[in-house]
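The values are calculated or read from the model by the stated rules, or taken from the named source; none is laboratory data. Nothing here was measured: the structure is a model prediction, and the numbers come from that model. Cβ coordinates were reconstructed from backbone atoms using ideal geometry, including for glycine residues, and neighbour counts include every protein chain displayed. Note: areas computed on protein heavy atoms with side chains; ligands, DNA, RNA excluded. Shrake-Rupley method; radii C 1.70, N 1.55, O 1.52, S 1.80 Å.
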Amino acid sequence: MKQYGRVFIKNIYYMLSYAFKALRQESFEDIAKEEFSNIHNVFAAILARGISLQLKQGLYREYLNRSENLAVLRGKIEMEETIQQIIAHKQKLTCEYDELSENNQLNQILKTTTMILFRHPQVDSKYKDALKKEMLFFSHVDTLEPTTIHWSAIRFQRNNMTYKMLISICQLVLDGMLMSTEPGVYSLASFVDDQYMHRLYEKFILEYYRKEYPSLQVSAAQISWALDDGLGAMLPIMQSDITLSYGSKVLIIDAKFYAHTTQSLHATHTIHSNNLYQIFTYVKNKDAGLKEIPHEVAGMLLYARTDETLLPNKSYQMSGNTIMVQTLDLNCDFSIIAGQLNTIVERIF
């Protein structure tokens, strides 16, 4: 687990701003001016503002199926249950009907995440107050057991697309939770767990280059295997984290967010072997795929810098291609982070 200071925590906002473009709108700009003492406040501030904006547009509602015993007909009668009511001398009809309701999964996720942040001792009172006011509009919305949420099954369409960024933030928060020994009681992990921060780190770099370098082709492109016989059954998909291209030049970046940027054996430090094999494979297969046209393909392992004294910053020539290993310091002013990313582009293109 890495250790981070206030500067890094502050930069979480900027990383999220690129990963989720909605945060770069003017309505979120005042959050960028705040000084955050911990990761919990970052998420609380963003959710408070995001939910506030959503409330101005109106909470998403969808039709939900209901079954209820009523004195008057609504929807359609459930005959078997209604006969039981008559036998019991109850003057009720069991009716099944659809109701347009705010008590749907998207709003339940927002409320569940908000209530967990609201109860967390590390969230400052000003953010708790903002979240509390907003929850007054969620009085008819239930909370969920976080472990029951199937994130991959959530679908967005035209009527609820404004929820996409908010639900993504909720997933980052809820996926970073640890359950305490008391059933139903949750406490947020320090969150800067490598698994979750890796996803944000990778997405941040991709979206930074998309936003700041429109002249480049920027994507998380798949790379085809250079097969002699064309038979690629059972071969895994090669999915790059970031691929930058301009004219005949291509740079494939593999973003790595590790607690340790090198591996060690008998006091000897080396680059993570699997990482190096992977980027080399990406580069050579991309290189082979462009053999019919003039081109240059390079690769880079871009590690998030740790507090280790030994930091990889090397460039190697391998079978006609340049493979670089570099670190990106996230624990500094954001202008310096941007400068580091800009230097990579200037070096290659």
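Per-residue accessible area (protein heavy atoms, 1.4 Å probe) orders ASP329, ASP228 as ASP228, ASP329, starting from the largest.
Using 0.36 nm per residue and subtracting the Cα-Cα separation, the extra length available between ALA88 and ARG61 on full extension is 6.1 nm.
With a cut-off of 14 Å between beta carbons, the residues surrounding TYR282 carry a summed charge of 0, where Lys and Arg count +1 and Asp and Glu -1. Between 0 and 90 degrees, rounded to the nearest ten: what's the tilt of helix 164-175 against the longest Cα principal axis of the chain? With both axes taken from Cα atoms, the answer is about 80 degrees. What is the Cα centroid distance between region 136-178 and region 250-314, reported in whole angstrom? That distance is 35 Å.
Annotation: the antiparallel percentage among DSSP beta bridges lying fully within region 219-349 is about 50. With protein chains left intact and a 1.4 Å probe, residues in region 116-169 average 65 Å² of accessible area per residue. The residues of region 230-345 expose on average 51 square angstrom of accessible surface per residue, using a 1.4 Å probe on protein heavy atoms. At the residue level, MET324 shows approximately 0 square angstrom of accessible surface with a 1.4 angstrom probe and all protein chains present. Placing a label point 7 Å from the Cα of GLU292 along the Cα-to-Cβ direction, the residues of region 218-238 whose backbone N falls under 18 Å of that point are 223-231.
Charge dipole of the chain (Cα centre as origin; +1 on each Lys and Arg Cβ, -1 on each Asp and Glu Cβ, all else neutral): 540 debye, rounded to the nearest 20. Enter the angle in degrees (range 0 to 90, nearest 10) between the Cα long axis of helix 39-57 and the first principal axis of the Cα atoms of the chain, meaning the one along which they spread out most. Helix 39-57 sits at roughly 50 degrees to that axis. In the context of the full protein assembly, PHE118 retains an accessible surface of approximately 60 Å², using a probe radius of 1.4 Å and ignoring ligands and nucleic acids. Helices in the chain, meaning DSSP H runs of at least 4 residues, each add -39500 (n - 2.57). Divided by all residues, the mean residue ellipticity at 222 nm is -12500 deg cm²/dmol. With contacts taken as Cα pairs under 8 Å and at least 6 residues apart, the chain reaches a relative contact order of 14 percent.
For HIS40, the solvent-accessible surface with a 1.4 Å probe is about 10 Å², rounded to the nearest 10.
Measuring nothing but protein heavy atoms, the accessible surface of the chain at 1.4 Å probe radius is 51 percent carbon and sulfur.
Available extension along the chain between GLN263 and ASP129 is 43.7 nm, counting 0.36 nm per residue and deducting the alpha carbon span.
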